[in-house]
Protein chains: 4
Amino acid sequence: MTYGHTFQAWRDNTPAWGLYTRHRFVQGLGDGTLPRAAFLHYLKQDYVFLIHFSRAWALAITKAETVEEMRLAAGTVHGLINEEIALHIKTCARAGIDEATLYATQERQENLAYTRYVLDAGHSGDLADLLATLAPCVMGYGEIGAHLATTKTCDTYAEWIGIYASVEYQQLCQDVGVLIDGAVARRIGDRADASPRWASLQARFAMATQLEIGFWDMGLDP
Amino acid sequence: MTYGHTFQAWRDNTPAWGLYTRHRFVQGLGDGTLPRAAFLHYLKQDYVFLIHFSRAWALAITKAETVEEMRLAAGTVHGLINEEIALHIKTCARAGIDEATLYATQERQENLAYTRYVLDAGHSGDLADLLATLAPCVMGYGEIGAHLATTKTCDTYAEWIGIYASVEYQQLCQDVGVLIDGAVARRIGDRADASPRWASLQARFAMATQLEIGFWDMGLDP
Amino acid sequence: MTYGHTFQAWRDNTPAWGLYTRHRFVQGLGDGTLPRAAFLHYLKQDYVFLIHFSRAWALAITKAETVEEMRLAAGTVHGLINEEIALHIKTCARAGIDEATLYATQERQENLAYTRYVLDAGHSGDLADLLATLAPCVMGYGEIGAHLATTKTCDTYAEWIGIYASVEYQQLCQDVGVLIDGAVARRIGDRADASPRWASLQARFAMATQLEIGFWDMGLDP
Amino acid sequence: MTYGHTFQAWRDNTPAWGLYTRHRFVQGLGDGTLPRAAFLHYLKQDYVFLIHFSRAWALAITKAETVEEMRLAAGTVHGLINEEIALHIKTCARAGIDEATLYATQERQENLAYTRYVLDAGHSGDLADLLATLAPCVMGYGEIGAHLATTKTCDTYAEWIGIYASVEYQQLCQDVGVLIDGAVARRIGDRADASPRWASLQARFAMATQLEIGFWDMGLDP
């Protein structure tokens, strides 16, 4: 399983990556110690997150330069709006939280900071800048799902884990990896890491990773 | 068949609407007198148009205020990229024009003016401003398809007519009508036509209609 | 001294307004109890804030519908970039902080959340949506400056207070008030508070006010 | 007089550059054969052009990555709104055209196509993409002014020529050249012409040049 060489380079140069993907919230999903209240609080915030994250992926379509880039970005938008958000609604419904309640969730500052940072990266830069801030969430959840699927010691959050460990989600991560590798090659070239832009793309990826950590922290604080 | 009351009002207050939907290019599709070269030239330009029109619909997702608005806009993006563009590729392939040729089409000024005007309406205003410029193409083609399906005297362009007269396309027009009525009610209220914004929305719709006429004119001039 | 009737209405309907304009950080500026370290930390974060706030005001120019709207927004951009940012550089230089250090300031999450929220309000909505999120900072500082100028009991932060109490800054607040009243009347009408948009504009103003409070809190926590 | 090495490279690789800067409209300004009606028609369209061109320069501020980039872009916005547009108003006033008439000018398609193309280049790409479409107008007028100032055989349009030949305008061109060289070096590196982006930046510059030719053609056709 690989999510592309650009992601791999960004990830390996982000010291905080492990703090994000091995966060206490993540551990609590794997061993079942995460309090139910924290999980439901997280789900509600994540519903709001997904709305703005979908908007950011839609922005990627507007910044595509080829039909192939459009198709890959549009496929992600479709998956987010029609599958991932729908799944959140279903999961929350089973927990007694209806969609109106979800939609009325008061967005926490840690949540807001993250998605608006991603959107601004897209508006201020080009597609590569935007993708560098979209990657940590997409691929990080892919890594977390795959990791927890083989290491979990409790099935309390097995359904959540199953989503991100699934063949479909892992395929999405690979598709996004292809999109990123292609977008970077097209705009920067084969030696992207030698370009002056590399440091700023790396910094955007690191900032989004930091904001993921803030999101997990917020999740533990209902 | 109705495409919503907002569209109906905009349409009925646009004197040039008939010049667009009953254009000589349209008549040529119905009676088969449209030269083949003009049709293929139009298809190539329309392929480029659809790319930028899809970008504008993706922009609508970024400007949605409700999940329902997002879903309707995302459905249109999906239909445009995965169905309408795909159909153009297939139709052109049968005529001996491959996708690389399509993509390399030199965009004509009349084409460029139209889609960039739509995109700017979205960036400078809110979702209602954007929808006012998206409506003439979507609904105009719906009207043209439905009209030609019952009045055509020649089957040369029956396949093209069939697409826009189809149940699926007519349903798309109705969905977009629902989206527009809802977006306008949400932002302006029930008496939208009494709002100071009405004149500017009407003017945007009229400008996009004018640019449609320019597109047909361009189609007749390969 | 009035900053326009739209601002007045938004302000009077925002319960947290007093928590922002009478915040402990503000009191510390007036009675001199604010620790120097907190003030310098605030100035550095505010330098980063002003960069992104200037970007948001520049976005307002791109969303203007009249030359008058453009002029007022451009005047604010000019004042921010050439006067307010320059003043921060000068003040910090006297405190031994050079511009390179300022520019390298690690942006705090509370800071980032605020400006990116404002930018997104502009990108997702129209000029009125953007102005509703720009107003709390501009006018709040105007109120704070005017209030502290007459109530301060210590001159430690007299220079800072003097800037926002100055005739020039108060004039800027009045100009922005004129811009907001005009933009709202033009887009929504004379009875804007009866429009369905009013609640969402009010909510944007309230969110930006909340983010101002977060900014002061952050200022107390170097 | 040099406007920077990036502009020079883009210009020298654009075959249509001479068709733009030595257009029949330009010759008519130099030898006085340009009909007065064409000139006044051009001034009115150019007033509308400058409004949207100012919006595009404001967009550049929102896409800047350094304070220096912001200052240079903001200086251009200031010059455009407070000087160049003001000058058009004054010139037109002397010719009996008031500002209300100017503002009510029906924007021609050639005009609309140009500025919306520039704005979309900015929204879809980063600052370098935007600057590649802004350069032909700014620097082309600088070249035209300087050329006509030394070659004109008639003083009918001496005032217009004088504006673009002025020390102030030539300085603006040099400042924009510095901004472009810096923005390109920062984002692409010292060997920008070896980057895969070079061809697309060059193509954007060429398209904007083509749209300038369309603008002159439109000027000759009141």
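With respect to C:ASP175, is the statement that it is assigned to a helix (DSSP H, G or I), surrounded by fewer than 20 Cβ atoms within 10 Å (Cβ to Cβ) and in contact (Cβ under 8 Å) with a residue 24 or more places away in the chain true? Even if it seems obvious, please write down each step before you answer.
Values: assigned to a helix (DSSP H, G or I): yes; surrounded by fewer than 20 Cβ atoms within 10 Å (Cβ to Cβ): yes; in contact (Cβ under 8 Å) with a residue 24 or more places away in the chain: yes.
Criteria met by C:ASP175.
On the given criteria, is D:LYS90 of a type outside the set (Asp, Glu) and open to solvent by 20 Å² or more (accessible area, probe 1.4 Å)?
Values: of a type outside the set (Asp, Glu): yes; open to solvent by 20 Å² or more (accessible area, probe 1.4 Å): yes.
So D:LYS90 passes the test.
How about the stretch C:93-114: which of its residues are open to solvent by 20 Å² or more (accessible area, probe 1.4 Å) and part of a helix (DSSP H, G or I)?
C:ALA93, C:ARG94, C:GLU99, C:ALA100, C:THR101, C:TYR103, C:GLN109, C:GLU110, listed by residue number.
Hey, among C:TYR42, C:TYR47, which residue is more than 10 Å from chain D (Cβ to nearest Cβ), farther than 30 Å from B:TYR117 by Cβ and among the hydroxyl-bearing types (Ser, Thr, Tyr)? Even if it seems obvious, please write down each step before you answer.
Values: C:TYR47 fails: more than 10 Å from chain D (Cβ to nearest Cβ).
From the options C:TYR42, C:TYR47, the qualifying one is C:TYR42.
Looking at C:ILE180, C:ILE163 in this structure, which one is in contact with a helix residue (DSSP H, G or I) (Cβ under 8 Å, 6 or more places away or on another chain), within 20 Å of C:LEU80 (Cβ to Cβ) and surrounded by fewer than 19 Cβ atoms within 10 Å (Cβ to Cβ)?
Details: C:ILE180 fails: surrounded by fewer than 19 Cβ atoms within 10 Å (Cβ to Cβ).
Step by step, each of C:ILE180, C:ILE163 is checked, and only C:ILE163 is in contact with a helix residue (DSSP H, G or I) (Cβ under 8 Å, 6 or more places away or on another chain), within 20 Å of C:LEU80 (Cβ to Cβ) and surrounded by fewer than 19 Cβ atoms within 10 Å (Cβ to Cβ).
Does D:TYR20 satisfy the criteria of being hydroxyl-bearing (Ser, Thr, Tyr), closer than 22 Å to D:LEU211 by Cβ and either in a helix (DSSP H, G or I) or without any contact (Cβ under 8 Å) to a residue 24 or more places away in the chain (or both)? Steps first, answer last, please.
Numbers: hydroxyl-bearing (Ser, Thr, Tyr): yes; closer than 22 Å to D:LEU211 by Cβ: yes; either in a helix (DSSP H, G or I) or without any contact (Cβ under 8 Å) to a residue 24 or more places away in the chain (or both): yes.
Spelling it out, D:TYR20 is indeed hydroxyl-bearing (Ser, Thr, Tyr), closer than 22 Å to D:LEU211 by Cβ and either in a helix (DSSP H, G or I) or without any contact (Cβ under 8 Å) to a residue 24 or more places away in the chain (or both).
Taking interchain pairs and intrachain pairs at least six residues apart, which have beta carbon atoms under 8 angstrom, with the first residue in the stretch B:32-44 and part of a loop (DSSP other than H, G, I, E, B) and the second among the small types (Gly, Ala, Ser) and open to solvent by less than 10 Å² (accessible area, probe 1.4 Å)?
Correct list of pairs: B:LEU34/B:GLY28; B:PRO35/B:GLY28.
Of the residues that sit in the stretch D:193-202 and are within 11 Å of chain A (Cβ to nearest Cβ) and closer than 30 Å to B:ARG108 by Cβ, which one is surrounded by the most Cβ atoms within 10 Å (Cβ to Cβ)?
Taking the stretch D:193-202 first, the residues within 11 Å of chain A (Cβ to nearest Cβ) are D:194-201.
Restricting the remaining residues to those that are closer than 30 Å to B:ARG108 by Cβ gives D:195-201.
Details: D:SER195: 19, D:PRO196: 15, D:ARG197: 24, D:TRP198: 19, D:ALA199: 11, D:SER200: 17, D:LEU201: 26.
Step by step, filter the stretch D:193-202, then rank; the result is D:LEU201.
Quick one: C:GLY96 ticks every box in (1) at negative phi; (2) away from chain A (no Cβ under 14 Å) bar one, so which box is it?
The one condition C:GLY96 does not meet is (1).
Show the residue pairs that are 6+ apart or on different chains and have beta-carbon atoms under 8 Å apart, the first residue being within the stretch C:56-83 and touching a residue at least 60 places away in the same chain (Cβ under 8 Å), the second being outside any helix (DSSP H, G or I).
Partner pairs satisfying both residue conditions: C:LYS63/B:GLY125; C:LYS63/C:ASP126; C:ALA73/C:ALA64.
Given the conditions (1) modelled with pLDDT under 95; (2) under 18 Å from the mean Cα position of the chain (by Cα), and given that C:MET218 satisfies all but one, which numbered condition is not satisfied?
It is condition (1) that C:MET218 fails.
Could you please find all residues in the stretch D:104-114 being at pLDDT below 95 and either more than 10 Å from D:GLN45 (Cα to Cα) or at the interface with another protein chain (Cβ under 7 Å from one of its Cβ atoms) (or both)?
D:ALA104
Would you point out the residue of the stretch D:13-33, among those that are over 17 Å from the mean Cα position of the chain (by Cα) and open to solvent by 10 Å² or more (accessible area, probe 1.4 Å), that is farthest from D:THR105 (Cα to Cα)?
D:ASN13
With the requirement that a residue be open to solvent by less than 20 Å² (accessible area, probe 1.4 Å) and either within 7 Å of chain C (Cβ to nearest Cβ) or among the basic types (Lys, Arg) (or both), what does the stretch D:52-83 give you?
Within the stretch D:52-83, D:SER54, D:ARG55, D:ALA58, D:LEU59, D:ILE61, D:THR62, D:LYS63, D:VAL67, D:MET70, D:ALA74, D:VAL77, D:ILE81 qualify.
Suppose the filter is among the hydroxyl-bearing types (Ser, Thr, Tyr), facing another protein chain (nearest Cβ under 9 Å) and assigned to a helix (DSSP H, G or I); does B:TYR117 pass it? Walk me through how you get there before you give the answer.
Numbers: among the hydroxyl-bearing types (Ser, Thr, Tyr): yes; facing another protein chain (nearest Cβ under 9 Å): yes; assigned to a helix (DSSP H, G or I): yes.
In short, yes.
Among the residues of the stretch A:203-222 satisfying the criterion of being of a type in the set (Asp, Glu) and in a helix (DSSP H, G or I), which is most open to solvent (accessible area, probe 1.4 Å)?
If we filter the stretch A:203-222 for residues that are of a type in the set (Asp, Glu), which is where we start, we get A:212, A:217, A:221.
Filter once more, so that each one left must be in a helix (DSSP H, G or I): A:212, A:217.
Working: A:GLU212: 3, A:ASP217: 79 Å².
Out of the qualifying residues, it is A:ASP217.
Consider D:ASP190 carefully, then state whether it is surrounded by fewer than 20 Cβ atoms within 10 Å (Cβ to Cβ), outside any helix (DSSP H, G or I) and without any contact (Cβ under 8 Å) to a residue 12 or more places away in the chain. Before the answer, list the steps.
Details: surrounded by fewer than 20 Cβ atoms within 10 Å (Cβ to Cβ): yes; outside any helix (DSSP H, G or I): yes; without any contact (Cβ under 8 Å) to a residue 12 or more places away in the chain: yes.
Yes, satisfied.
Among the numbered criteria (1) over 30 Å from B:THR62 (Cα atoms); (2) at pLDDT below 95; (3) open to solvent by less than 40 Å² (accessible area, probe 1.4 Å), which one does C:ALA146 miss?
Here C:ALA146 meets the rest and fails (2).
The values are calculated or read from the model by the stated rules, or taken from the named source; none is laboratory data. Worth saying up front: this structure is predicted, and the values here are computed from it rather than measured. Positions of Cβ are backbone-derived with ideal geometry, glycine not excepted, and every protein chain shown enters the neighbour counts. When the accessible area is computed, the model is the full protein with side chains, heavy atoms only, and any ligands, DNA or RNA have been set aside. Shrake-Rupley method; radii C 1.70, N 1.55, O 1.52, S 1.80 Å.
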